[in-house]
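Asks: Structure incoming, see below.
The values are calculated or read from the model by the stated rules, or taken from the named source; none is laboratory data. From a predicted model like this one, the values you see are computed outputs, not experimental measurements. In this analysis, Cβ positions are derived from the backbone assuming ideal geometry, glycine residues included, and neighbour counts consider all displayed protein chains. These accessible areas exclude ligands, DNA and RNA; they are computed on the full protein's heavy atoms, side chains included. Shrake-Rupley method; radii C 1.70, N 1.55, O 1.52, S 1.80 Å.
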Amino acid sequence: MAIGVYEFSSGPQVWRPSTLHEAWELAKTLGEHAEFVAGSTLLRTQWESGLKAMAPHFISLEYVQELHGISLEETGRVRVGSLARLSECREQKVLPLLAEASRNVAAPSIRRLATLGGNIVSGTGDALPALLVQDAELVWFDGKERRTGSLADWLALKAEGAEERGIRILVETVVEREQGAVPDGLRLGFYHKVGRREMFVPSLVTAAGYGLWHRDGSCACVRLAVGGGSSIPRRLLETERLLASRTLNSGQLKQVQQSILEESIGCSDAFATKEYRRLTAANLIVSELWKLLKSMDV
């Protein structure tokens, strides 16, 4: 497709670039009159509810082949294209937490359309906590080159309203398949979603965790994340430091719960109060730690 000067039409017009450069140039040319689209499941709900006006120009990323697919490299790094469908993410076997998170998003018909990239760039997607605890990185194209950055850092900036401006296309998400190892140790890995009904509605609370413990209760590494509703998900860094600094025991769990209550995000809306969200997240995480503790030699 040639890149040049484009005339605006009276109705929505769909552009179908075949490369990242073409897509970026189109966005630069059309400016605020255009929007990137792929599955468009979230956009459709926003249009129908009147939360967002439909742009006169859609830049479809469907024909940009490098945005598709899920691949495992020899180095153990897993690359998930931004246009990988949530149904693909659910069926893949190399990232169990992502598979579980994808299973809990919407109905099968939506998962066949919705993309992981769309779930991420929304800033509130249910898959985000699962990716946060796997220390995921995002690869962006800025019109000249690909740039890699931490998902956690990007979300933190987004929460502060300080994310990088300018046209950027999310190319892929990169996750290490093996997040460390402890000989004869115990691995923690979980993802939970709480909603008013299972899967088919927006989440009230999402919580995820990953960690490695020695059998004596000492922690080798731990990462926890919470989200849900309109909240931008985040890591629970203070709670992680608490767990990493001490041997896991039943007495510590009450401290962990209190730490999550103080640190966890959440906002009140028509469906749940922020206090309910925080308490639910704390209970979900502590219950997983309790199950881990019961399997230790302490």
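Asks: What are the residues in segment 212-239 that are in contact with a Cys (Cβ under 9 Å, 6 or more places away or on another chain), of a type outside the set (S, T, N, Q) and surrounded by 19 or more Cβ atoms within 10 Å (Cβ to Cβ), if any?
Replies: W213, G229
Asks: Now a separate question. Test of understanding: among S109, S122, which residue is polar (S, T, N, Q), without any contact (Cβ under 8 Å) to a residue 24 or more places away in the chain and either open to solvent by 60 Å² or more (accessible area, probe 1.4 Å) or in contact with a Leu (Cβ under 8 Å, 6 or more places away or on another chain) (or both)?
Replies: S109
Asks: Something else now. Specify the residue that is least open to solvent (accessible area, probe 1.4 Å); the eligible residues are those in segment 48-72 that are more than 16 Å from L170 (Cα to Cα) and part of a loop (DSSP other than H, G, I, E, B).
Replies: The selected residue is A55.
Asks: Within segment 243-266, which residues are closer than 18 Å to A208 by Cα and open to solvent by less than 30 Å² (accessible area, probe 1.4 Å)?
Replies: L243, L253, V256, S259, I260, E263, S264, G266
Asks: Continuing with this model, one more query. What residue, among those in segment 125-152 that are free of Cβ contacts under 8 Å to residues at least 60 places away in the same chain, farther than 12 Å from L170 by Cβ and among the charged types (D, E, K, R), is least open to solvent (accessible area, probe 1.4 Å)?
Replies: Once the filter is applied, the top-ranked residue is E145.
Asks: Ok, one more. Quick one: E100 ticks every box in (1) in contact (Cβ under 8 Å) with a residue 60 or more places away in the chain; (2) of a type outside the set (G, A, S); (3) more than 29 Å from L204 (Cβ to Cβ) bar one, so which box is it?
Replies: If we test E100 against (1) in contact (Cβ under 8 Å) with a residue 60 or more places away in the chain; (2) of a type outside the set (G, A, S); (3) more than 29 Å from L204 (Cβ to Cβ), just (3) comes out false.
Asks: Name, by its number, the condition in (1) at pLDDT below 95; (2) loosely packed, with under 15 Cβ neighbours inside 10 Å; (3) part of a loop (DSSP other than H, G, I, E, B) that does not hold for S18.
Replies: Failing condition for S18: (1).
Asks: A follow-up question, please. Does G161 satisfy being open to solvent by 40 Å² or more (accessible area, probe 1.4 Å), part of a loop (DSSP other than H, G, I, E, B), of a type outside the set (D, E) and over 20 Å from R77 (Cα atoms)?
Replies: Yes, satisfied.
Asks: Then there's this: Can you pull out the residues in segment 105-132 that are within 13 Å of K193 (Cα to Cα) and either out of contact with any Ser or Thr (no Cβ under 8 Å at 6 or more places or on another chain) or outside any loop (DSSP other than H, G, I, E, B) (or both)?
Replies: V105, G125, L128, P129, A130
Asks: I'd like the residue in segment 36-47 that is open to solvent by 40 Å² or more (accessible area, probe 1.4 Å) and out of contact with any strand residue (DSSP E or B) (no Cβ under 6 Å at 6 or more places or on another chain) and, out of all such residues, is farthest from A114 (Cα to Cα).
Replies: Checked segment 36-47; the qualifying residue farthest from A114 (Cα to Cα) is W47.
Asks: When the residues of segment 77-104 are filtered to those that are in a helix (DSSP H, G or I) and among the polar types (S, T, N, Q), which remaining residue is least open to solvent (accessible area, probe 1.4 Å)?
Replies: Among those residues, the one meeting the criterion is S102.
Asks: Just the residues that are surrounded by 19 or more Cβ atoms within 10 Å (Cβ to Cβ) and free of Cβ contacts under 8 Å to residues at least 60 places away in the same chain, please, taken from segment 267-285.
Replies: R278, A282
Asks: On to the next question. With (1) within 19 Å of D126 (Cα to Cα); (2) in contact with a Phe, Trp or Tyr (Cβ under 6 Å, 6 or more places away or on another chain) as the list, and C219 as the residue in question, which single condition is left unmet?
Replies: (1)
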